[in-house]
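Working notes for the structure below.
The values are calculated or read from the model by the stated rules, or taken from the named source; none is laboratory data. All of these numbers come straight from a predicted model, not from anything done at the bench. As a convention, Cβ positions derive from the backbone with ideal geometry for all residues, glycine included, and neighbour counts pool all protein chains shown.
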Amino acid sequence: MYPGIHERCVVVTGGAKGIGAACVQLLAAEGARVALLDIDAAGAASLVAGLGPRCQAYEVDVSNSAAVRSTFAQVVAQQGPPTLLVNNAGIGLNEPIPSTSDEQWDRVLGVNLKSYFLCAREALPYMEAVGHGAIVNVASVQSFLSQKRVAAYCASKAGILGLSRAIAVDHAPHIRSNAVCPGTVDTPMLADALAGAPNQEELLAECRAMHLLKRIAQPTEIAQLVVFLLSDLASFITGQAIRIDGGMGLEIGGNRRD
Ligand SMILES: NC(=O)c1ccc[n+]([C@@H]2O[C@H](COP(=O)([O-])OP(=O)(O)OC[C@H]3O[C@@H](n4cnc5c(N)ncnc54)[C@H](O)[C@@H]3O)[C@@H](O)[C@H]2O)c1
């Protein structure tokens with residue numbers, strides 16, 4: 001269904017849960033050899049257990065340069081050189097700037113942005129060596145729009161757009177790089193974000209209402225765009241930031257007649 005995926009080795013970061021897990025499942029169904037990199041060893045192992053021997057889990061904190069390097073070496077030894085990469089691992093932080101610590105800032109930027117650079121740095125030479133490759137970086141609608149109290153997250157997500165474009169420019173014409181920018185998605189990250197709030201149902205209703213389509217996305221809807229962009233179906237798309245956000249932020253006021 002998605003040409004150019006079968007038998008390819010693809011690295012997916014943060015693949016144990018949520019959007020990453022949906023990508024892993026779809027890629028496995030398309031016959032890819034999937035390397036799932038995640039800090040959650042148990043979650044990653046239980047996901048790959050149901051997907052057959054071509055999918056392998058690797059426990060790694062993807063913000064750690066040395067750990068990423070040694071993990072890619074293992075992936076190459078066990079599954080062959082990766083020519084497709086999905087940078088997806090991410091964490092949130094609900095904190096206004098005045099109370100954001102250096103450590104919190106570094107952690108969010110480390111996981112959400114630096115890890116994308118680290119994994120691209122490992123994967124690109126393999127892509128260059130075979131003469132083709134594709135990278136999809138999972139950013140966010142918050143690359144463009146901002147909630148309150150999420151400055152570090154927004155900075156990381158805006159940074160991903162610059163990184164994705166720079167990779168596209170530096171590694172054309174054989175390697176494509178794009179960013180995917182989801183609106184609200186039904187994942188453990190969303191559940192964690194809601195968990196701290198006293199009025200969870202109200203907040204969820206507000207989340208649904210922010211999208212023109214009046215609902216939040218399922219992880220598979222995002223995975224389908226990610227795998228499309230990795231595949232040959234997207235052979236003329238590079239350097240783009242593609243919003244998959246149910247039309248969030250498009251409607252403006254100023255024309256009430258009621
Ligand atoms: N859920 C949403 O509403 C939403 C919206 C827009 C963008 N996103 C982005 O999509 C991506 C996936 O989000 P999700 O909602 O599926 O999140 P999630 O929390 O459900 O899953 C994230 C995965 O990343 C892994 N991870 C976290 N830190 C890691 C690290 N240091 N090293 C390796 N793995 C690590 C986690 O263990 C988990 O498996 C993130 O980049 C997120 O910012 C999510």
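Give region 22-40 a look and list any residue that's in a loop (DSSP other than H, G, I, E, B) and either within 13 Å of the ligand (Cβ to nearest atom) or farther than 14 Å from Q224 by Cβ (or both), or say none.
G31, A32, I39, D40
Among the numbered criteria (1) more than 22 Å from M189 (Cβ to Cβ); (2) touching a residue at least 60 places away in the same chain (Cβ under 8 Å); (3) touching an Asp or Glu at 6+ places or on another chain (Cβ under 8 Å), which single criterion is violated by G20?
Just one mismatch for G20, condition (1).
If a residue must be assigned to a helix (DSSP H, G or I) and of a type in the set (G, A, S), how many such residues does region 145-203 contain?
Going through region 145-203 one residue at a time, the tally reaches 13.
Search region 169-199 for residues being modelled with pLDDT of 95 or more and acidic (D, E), and hand back the single one that is farthest from the ligand (Cβ to nearest atom).
Among those residues, the one meeting the criterion is D170.
Regarding A158, is this residue more than 11 Å from the ligand (Cβ to nearest atom) and in contact with a Pro (Cβ under 8 Å, 6 or more places away or on another chain)?
no
For region 168-185: of the residues being more than 14 Å from the chain's Cα centre (by Cα) and either among the charged types (D, E, K, R) or under 20 Å from I19 (Cβ atoms) (or both), which is surrounded by the most Cβ atoms within 10 Å (Cβ to Cβ)?
My answer is R176.
Give Q104, Q79, Q74 a once-over and let me know the one that is buried (at least 18 other Cβ atoms within 10 Å of the Cβ) and in contact with a strand residue (DSSP E or B) (Cβ under 8 Å, 6 or more places away or on another chain).
Q79
For the subset of region 5-21 comprising residues that are near the ligand (Cβ under 10 Å from one of its atoms) and surrounded by fewer than 24 Cβ atoms within 10 Å (Cβ to Cβ), which member is nearest to D38 (Cα to Cα)?
K17
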